[in-house]
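The structure appears below as structure tokens.
Values quoted throughout were computed directly from the atomic coordinates according to the rules given, and no laboratory measurement underlies them. Values in this document were obtained by computation on a predicted structure and should not be read as measured data. Positions of Cβ are generated from backbone atoms using ideal geometry, with glycine treated the same way; all protein chains shown enter the neighbour counts.
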């Protein structure tokens, strides 16, 4: 049996307050860790591009918009 997101939400609603607080804490820490990993991954990518001289810098707003 596969648990759906709605099933999971219903299960959380049935938990005690302390269990809900614990889940909230765990999720907040997990979100922080995922963001940290994403930042680190972007750092490594930029560092590699810098070493390969592939980074492009500009203060021209139109050029910057095109880079995105």
In nanometres, what is the gap between the two model label sites at residue 43 and residue 16, each 7 Å from Cα along Cα-to-Cβ?
4.0 nm
Return the calculated 222 nm mean residue ellipticity for the chain, to the nearest 500 deg cm²/dmol, obtained by summing -39500 (n - 2.57) across DSSP H runs with n ≥ 4 and dividing by the residue count.
-25000 deg cm²/dmol
Rounded, prolate or oblate: which one fits the chain, using the alpha carbon gyration tensor with axes a ≥ b ≥ c (rounded when a/c is under 1.5, else prolate when a/b beats b/c, else oblate)?
prolate
So if each residue of separation counts as 0.36 nm, and I subtract the Cα-Cα distance between residue 68 and residue 35, what length gain in nm does that give?
9.8 nm
